[in-house]
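Worksheet: one structure, shown below.
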Amino acid sequence: MNGKSKKLSLDDCFKKVVMESLLNDIFNISYSNLNESKLVEELRCLNNDIKHNGKVREELAKVNNKWQEGQLIGNVYEDFNRLKDAPENFLNDLITKLSPQI
């Protein structure tokens, strides 16, 4: 990667597809094999759907069949409690897998 490509990639790391590509290409780590990746995906999709339109979109419905496409998103307290530890568990697994490589 040249300097400009590297900067553009790092600036876009928050995007799932870019993060998946970087993890795989640079560290040979599969995003979907990290602990709690499915729960992190559900949380990401739920957050996006709440933020953008308040309704379940296709991506969230695919992640967990509890959600039905078009469903209005109401009280998510129980879902938050179910999903709240997933990001920390995910990051701990990622750190463990990255540690020997850096």
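The values are calculated or read from the model by the stated rules, or taken from the named source; none is laboratory data. Note that the structure is a prediction, hence the values are computed from the model and not measured. Using ideal geometry, Cβ is built from the backbone for each residue, glycine included, and neighbour counts are taken over all protein chains shown.
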>> Between GLU36, GLU78, GLU58, GLU88, which is surrounded by 15 or more Cβ atoms within 10 Å (Cβ to Cβ) and modelled with pLDDT of 95 or more?
In response: GLU36
> Within region 64-83, is even one residue within 15 Å of LYS16 (Cβ to Cβ), outside the structural domain of LYS15 (by TED's automatic domain parsing) and not charged (D, E, K, R)?
Replying inline: no
